[in-house]
Amino acid sequence: MKIDLHVHSSERSDCGKATEEAQIRAAIAAGLDALAFTDHWRFVPLARLQRLNDQYAPFKIFSGIEVTADGEDFIVVGVRDAALEKSGYSYAELHARVRAHDGFIALAHPFRFHSEIRADIERFKPDAIEVRSPHTPEREEARIREIAARLNIPMLCDSDAHTTDPIGKYYNVVGNGVVDERELIALLRDGHAAESIRRLT
């Protein structure tokens, strides 16, 4: 399954320039099988999420969230906790909350804003790290790969799309026929599944 795990929408992200339906249609046109909306501090309402999945089936739509902590951005999937829609978390607090809900947390676009990673990912290891996206500096790819190898975590390739243009340029391959969020998270964490993560060339 080809999935983009980092997509924004104009309905919930101030920086989003494309509607959720435009993003979904662009992903389908690009040959993706699924995407996750990870808007800043906002979840897709569950009723809306169900309607979108019914409307665009068999394409899958997941709802995550992007949270800023200790000067870094993290995408979270598998935690439906309204407390995450509020700012002010330290990374240690965010990590603990995600772990308490058995969720998935990934460091988004490392080195985008700072020359060093400010969150303590050595002590509080994320589940993955983005190695490629339009907002991940290409010059830092070797450093990101070294971090991923040292922490033994998979690397993600996501569009971080705020418009439809980047949709389909980056995606992750995580297996076939993913049914639900729990299965998606299990595949993302699986070492063998991580080896199949690719970038569209």
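The values are calculated or read from the model by the stated rules, or taken from the named source; none is laboratory data. All values derive from a computational prediction rather than experimental measurement. Cβ coordinates were reconstructed from backbone atoms using ideal geometry, including for glycine residues, and neighbour counts include every protein chain displayed.
Do we find that A47 is of a type in the set (G, A, S), more than 22 Å from Y170 (Cβ to Cβ) and more than 15 Å from the chain's Cα centre (by Cα) in this structure?
Values: of a type in the set (G, A, S): yes; more than 22 Å from Y170 (Cβ to Cβ): yes; more than 15 Å from the chain's Cα centre (by Cα): yes.
Here the answer is yes, as A47 does meet what is asked.
All conditions but one from (1) of a type in the set (K, R); (2) assigned to a helix (DSSP H, G or I); (3) within 18 Å of the chain's Cα centre (by Cα) apply to R112; the one that does not is (2).
With the requirement that a residue be surrounded by fewer than 20 Cβ atoms within 10 Å (Cβ to Cβ) and either modelled with pLDDT under 95 or at positive phi (or both), what does the stretch 46-77 give you? D70, G71 - these are the residues of the stretch 46-77 that are surrounded by fewer than 20 Cβ atoms within 10 Å (Cβ to Cβ) and either modelled with pLDDT under 95 or at positive phi (or both). Select from the stretch 82-103 the residues that are of a type in the set (F, W, Y) and either exposed (fewer than 13 other Cβ atoms within 10 Å of the Cβ) or not in a loop (DSSP other than H, G, I, E, B) (or both) and list them in ascending order. Passing the criteria: only Y91. Listed by first and then second residue, the pairs linking a residue in the stretch 42-53 that is farther than 19 Å from D81 by Cβ to a residue that is modelled with pLDDT of 95 or more, with Cβ atoms under 6 Å apart and 6 or more places separating them unless they lie on different chains, are L52/I61; N53/I61. Look at the stretch 174-185: where a residue is at positive phi and a partner is not in a loop (DSSP other than H, G, I, E, B), sitting 6+ places away or on another chain with Cβ atoms under 6 Å, you get G175/L187; G175/A193. Does P154 satisfy the criteria of being in contact with a Pro (Cβ under 8 Å, 6 or more places away or on another chain) and modelled with pLDDT under 95? Criteria not met by P154. Looking at S63, S10 in this structure, which one is more than 17 Å from S133 (Cα to Cα), within 13 Å of the chain's Cα centre (by Cα), of a type outside the set (A, V, I, L, M) and not in a helix (DSSP H, G or I)? Only one candidate qualifies: S63.
How about the stretch 178-201: which of its residues are at pLDDT below 75 and not polar (S, T, N, Q)? D190, G191, H192, A193, A194, E195, I197, R198, R199, L200 - these are the residues of the stretch 178-201 that are at pLDDT below 75 and not polar (S, T, N, Q).
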